[in-house]
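Every number in this text was worked out from the coordinates using simple rules, so none of it is lab data. Remember, predicted model here, so these are calculated numbers, not experimental data. Cβ: placed from backbone, ideal geometry, glycine included. Neighbour counts: every protein chain shown.
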Amino acid sequence: MIEGRIARRYLWAARKQRHTAFLSLISMLGLAIGVAALLISIALLTGLQEQIKSRLIASSPTILIEPVAKNAIDNADEIIATAKRMGMRDVEPVVTGIAWGANEGEKRGRPMRIRSFATGHEPHGEGNLPVYDPNEDTILTSRSFAASIGLDAGGVITVVAPRTRLTPFGPVPVWKKFRIARLVTETTDERSADAYLEINDAEALFATNGKPTSIEMYGNTDREEEVQPQLARTFPEVQVKTWKEINHPLFLALRLEKIVMFVTISLIIFVAALNLISSLSMLIMEKRPQVGVLRTLGATEKNILRVFLQVGLLIGLTGTVLGNAFGLGLAWAANRFHLIPLPRDIYFISYLPFRLDVPDVVGINVVAVLLSILATWYPARIASRLDPITAIREE
């Protein structure tokens, strides 16, 4: 179109005017820096969030079964059999609860989260005693918990259950002494606890009558949406959650964090786009006589408006393309060659990951282009309303 040809000619001719060329260059560089900063920041945030999500998928149950209005699941065997028929590869009944762990010798104690384990599937750690000995009550604790009450492997811990039993002297707490067989390596996943008991001991301590307090299922995460509703319909007396529902608050926080960062760093693009107003205003002042000539030759207000809108759009697109080239290139190189390493003994990853999704890139470019158009609207509107006779007289 003729408007586009005129816009490119005006922009190319502006290089001869130092002030106009300088302002146009500043506008382009400002947009480029803003777009690149937003791309790199979102790529870093997305990469870190993907690492968090992948760890959640690996550590959280694909599907979690919990009782409703009870402390244990009555028909656990039937649920486990049904889940295995549906393709869940690993189905584990679990007993968990909060008890009080104490070191009677030093009169120290604190609450502890206990989790059961099946014989032969005990957590890894340090210790010389048998993990499960029918002739001796043993327990596994995390190193930090044992240290907090002044115990080590081989020490004796008194565990007070969150229930009482009736005696001739009234209700008294239920308690039992265990020898610490192993100090368990601590983890940050959903299956971590302060202490671990063999499942029979855990059922006896929490009085579940041989029933689990939950059932954890691990399998293909792609089938969770198919398995969950079937289990919920078949067993309405229990609550069926997927790993997404279990971690919903965390996912909501991650999404909010991404939105806040996007909006905040977009202010850089907004400030850069405002520079377009000054550069375009300078160009309009220099081209006033030419605008008057165009009007006398039959150009309408809409034609002039489109010319200067396209001038601003060309500046904005150039800055956006430069920002994309720098931002995408740096994010790719940093992720491909691990340019920002991290100490493994402090962080759970060895380098800062960068990842950009297509919707994020499209959204950033759309914001940059829209802000460029909005910034050029007002000066372009002023140019379209110039009086042609007055503009020609200024020549």
Consider T119 against the criteria (1) among the polar types (S, T, N, Q); (2) surrounded by 13 or more Cβ atoms within 10 Å (Cβ to Cβ); (3) more than 32 Å from the chain's Cα centre (by Cα); (4) not in a helix (DSSP H, G or I): it satisfies all of them except one. Which criterion is unmet?
(2)
Being over 25 Å from T46 (Cβ atoms), hydroxyl-bearing (S, T, Y) and outside any loop (DSSP other than H, G, I, E, B), is that true of even one residue in segment 320-336?
no
When you check S192 against the structure, is it among the polar types (S, T, N, Q) and over 30 Å from L151 (Cα atoms), yes or no?
no
Answer from A195, A161, A153 - the residue that is small (G, A, S) and either in contact with a Cys (Cβ under 9 Å, 6 or more places away or on another chain) or crowded, with 22+ Cβ neighbours inside 10 Å (or both):
A195
Being aliphatic (A, V, I, L, M) and part of a strand (DSSP E or B) is the filter; apply it to segment 198-242 and report the residue that is surrounded by the fewest Cβ atoms within 10 Å (Cβ to Cβ).
V238
Can you find even one residue in segment 173-196 that is under 30 Å from H124 (Cα atoms) and in contact with a Phe, Trp or Tyr (Cβ under 6 Å, 6 or more places away or on another chain)?
yes
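Residue-by-condition table, conditions (1) out of contact with any His (no Cβ under 6 Å at 6 or more places or on another chain); (2) in contact (Cβ under 8 Å) with a residue 24 or more places away in the chain; (3) among the β-branched types (V, I, T); (4) within 30 Å of P229 (Cβ to Cβ):
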| residue | (1), (2), (3), (4) |
| --- | --- |
| N75 | yes, yes, no, yes |
| I79 | yes, yes, yes, yes |
| M88 | yes, yes, no, yes |
| I98 | yes, yes, yes, no |
| K107 | yes, no, no, no |
| N135 | yes, no, no, no |
| S148 | yes, yes, no, no |
| T167 | yes, no, yes, no |
Result of the Cβ filter at 8 Å on segment 208-234, keeping first residues that are in contact (Cβ under 8 Å) with a residue 24 or more places away in the chain and partners that are surrounded by fewer than 14 Cβ atoms within 10 Å (Cβ to Cβ) and small (G, A, S), at least 6 apart or interchain, is G219/G87; N220/G87; R223/G87; V227/G87
